[in-house]
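Report on the structure given below.
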Amino acid sequence: MSAKTPNIPCCIAFAAALAGMQGSAFAAEQECYPSVERYMIQTFGDHYLDDENLVVSERTYGRQHFYVAADLTPGTNHAEVLFNRTQPNRFCIALSTSMMAELRAVKFDSAGYPQEFVSVDQAPPGMPQQEVTYSLNAEHTAFHAAVCKEMTFKSQKRVKKPVPCNVFFAARSPL
């Protein structure tokens, strides 16, 4: 599909998949696929390549390489799923973000591997900005939402207010 006719069902499917993963905080077994393409087909259907807003890319944070799946249909704020390649034909979800405009690794171990990510959305005027800190789980396999904050501006000063992550994600689930 073109940008003129966005594939809304794909966007909803992606958001629903993310909402389901957010609540679990990866407490269960890590979700893996034989390829990132298999994940995209399972999430968006066989014709996901026809939609220019459904993209797969590669990104490196420190010394760690990730495969990234994203649905850019919503525009500035979008969700991303980062995959680790654990074996030649095994790609496991390492991080599933909320809707955000920016994702950056902010903490690394001594070998240069990410331990913490922070995502920030772009809020509409007058609305609080959302910031989520994702921390590496005890098994060192995936990241979970650890700290969630709403940011507002009073005069020229930014004020951060902690928000429980389970409430944070539940309130923003599109379904």
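Any chance segment 141-152 includes a residue that's loosely packed, with under 15 Cβ neighbours inside 10 Å and touching an Asp or Glu at 6+ places or on another chain (Cβ under 6 Å)?
no
Quick one: which residue in PRO74, PRO124 is at pLDDT below 95 and within 28 Å of ASP50 (Cβ to Cβ)?
Of PRO74, PRO124, the one residue that is at pLDDT below 95 and within 28 Å of ASP50 (Cβ to Cβ) is PRO74.
Just give me the residues in segment 73-90 being of a type in the set (S, T, N, Q) and either within 16 Å of LEU103 (Cα to Cα) or exposed (fewer than 13 other Cβ atoms within 10 Å of the Cβ) (or both), in sequence order.
Of everything in segment 73-90, those that are of a type in the set (S, T, N, Q) and either within 16 Å of LEU103 (Cα to Cα) or exposed (fewer than 13 other Cβ atoms within 10 Å of the Cβ) (or both) turn out to be THR76, ASN77, GLN87, ASN89.
Which of the numbered conditions does LEU103 fail, given that it passes all the others? Conditions: (1) modelled with pLDDT under 95; (2) surrounded by 13 or more Cβ atoms within 10 Å (Cβ to Cβ).
(1)
If the requirement is being of a type outside the set (A, V, I, L, M, F, W, C) and touching a residue at least 60 places away in the same chain (Cβ under 8 Å), which of these qualifies: HIS144, HIS140?
Of the residues listed, the single one that is of a type outside the set (A, V, I, L, M, F, W, C) and touching a residue at least 60 places away in the same chain (Cβ under 8 Å) is HIS144.
In segment 45-71, what count of residues is obtained for those that are touching a Cys at 6+ places or on another chain (Cβ under 9 Å) and within 15 Å of SER96 (Cα to Cα)?
Total meeting the criteria: 1.
Might you check whether a residue that is open to solvent by 70 Å² or more (accessible area, probe 1.4 Å), modelled with pLDDT under 95 and β-branched (Val, Ile, Thr) occurs anywhere in segment 44-60?
Checking segment 44-60: not a single residue is open to solvent by 70 Å² or more (accessible area, probe 1.4 Å), modelled with pLDDT under 95 and β-branched (Val, Ile, Thr).
Does at least one position in segment 112-120 carry a residue that is among the charged types (D, E, K, R) and outside any strand (DSSP E or B)?
no
The values are calculated or read from the model by the stated rules, or taken from the named source; none is laboratory data. Because the structure is predicted, anything quoted here is derived from the model rather than measured. Here the Cβ is made from the backbone with ideal geometry for all residues, glycine too, and neighbour counts use every protein chain on show. For accessibility, only protein heavy atoms count, side chains too; no ligands or nucleic acids. Shrake-Rupley method; radii C 1.70, N 1.55, O 1.52, S 1.80 Å.
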